[in-house]
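Peer 1: Just passing along the structure, written as structure tokens.
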């Protein structure tokens, strides 16, 4: 029997290798300064192009997935949705392509938020990238008309890859005004002043670069950046990592546990005296008292339980495995149906003490036993995208049982059909 424990598999950097020349080095220590790489264009330009954007917008996109930016400010949704027009109510909040065309012609930038959730090329890429780096991925698409600047200098609270897929864009990057911004310290609350923006126009940037299709710009957390399209329309995809896991965030999760109804923590539910803010000395004494109670309570928290809760929360932030519910419902699966194990659909594979294999997804798990478990574990360890079928499983599994395993994995998104 195979020893219990996590089934280790070396990470194959298939997605990250499309973005940086040294993926293993990047994953272990992301640069703390901006960097630019010219990578092979073909594997990246297919993420999003002009035809893809047209297809997204024509197919009926809810307005909450789109932003339109005009001179650095968000355009009201009423200017580019069907609202107020004679159309079926469920679609009144959808984007109106004709209105977007007019806004683009006048120089506005179209932003496609959460692109990884509904555009297959970016979703597949992001799912694999998240698996490789160990963080959920968030992707956004940008279409900027020629000669226009989408946003003035701003920062993001997470590191981002900027992937140029169509046209070109000149980016200027500057040192952070706020080091290591937290999630609530956005550009809306910590933007450069008018005086600083004027100075930025006079002084050279820390980095100025022109991105062309296949070029990738890494912007670390907090660095100011602004991009201007050149003589043709520009499309780029921004890929970042969320939620941003900081020690501050984890400390907040610890404090959140004090809301537990357990008797030992109910004291934190007590209301503070009314009018306390009018008595500075009494307020200071109360702050000291609560601080003492907090320091005494923290060691009693269930650290292991919190770790499991945090892990589950982060797993749920990942994109779900790619599933085809309707196709799976009526799909015919037999011993010759060729499939590929999708490692990025799983968080880990664990051998249980009884020899079974547990495949952990975002918030569920599948368990396999016997020779079928050994067969799937071997392919998990390989992570090589080699096709296989139920007929390749050991004869001890049995033909009908092997087909049932493939069907179960297919419906869960753990395997996909091989072309």
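Every read-out reported here was derived from the displayed coordinates using simple, explicitly stated rules and does not represent laboratory data. Only a predicted model underlies this, so the values are computations on that prediction, with no experimental measurement involved. So basically every Cβ, Gly included, is an ideal-geometry build from the backbone, and we count neighbours across all protein chains shown.
Peer 1: Which residue, 237, 397, 406, tops the fluctuation ranking in a GNM of the chain built on C-alpha contacts under 10 Å?
Peer 2: Of the options given, 397 has the highest mean-square fluctuation.
Peer 1: Which of 266, 149, 144 has the fewest other C-beta atoms within 10 Å, and how do the rest follow up to the most?
Peer 2: Going from least to most buried by this count: 266, 149, 144.
Peer 1: How do 281, 215, 180, 384 line up, fewest other C-beta atoms within 10 Å first?
Peer 2: Result, fewest neighbours first: 281, 384, 180, 215.
Peer 1: Related question: Please check: in the Gaussian network model of the chain (C-alpha springs, under 10 Å), which one of 341, 254, 47 has the largest mean-square fluctuation.
Peer 2: Top of the fluctuation ranking is 254.
Peer 1: Note the listed values [x] 22.4, 74; [y] 25.6, 80; [z] 26.7, 86, then indicate which one is Rg and Dmax of the Cα atoms in Å calculated from this particular structure.
Peer 2: Checking each listed value against the structure points to [y].
Peer 1: Could the peptides 299-309, 223-233 be put in order, highest first, of the mean number of other beta-carbon atoms found within 10 Å of their residues?
Peer 2: 223-233, 299-309
Peer 1: Could you sort 200-209, 110-119 so that the peptide with the highest average Cβ count within 10 Å comes first and the rest follow in order?
Peer 2: Final packing ranking: 110-119, 200-209.
Peer 1: Less than 19 Å from a label point 7 Å out along the Cα-to-Cβ axis of residue 188: which backbone N atoms in region 48-81 qualify, by residue?
Peer 2: Only 63-79 fall inside the zone, counting backbone N under 19 Å.
Peer 1: Tell me, 140, 367 in order of fewest to most beta-carbon neighbours within 10 Å?
Peer 2: Fewest-to-most Cβ neighbours within 10 Å comes out as 367, 140.
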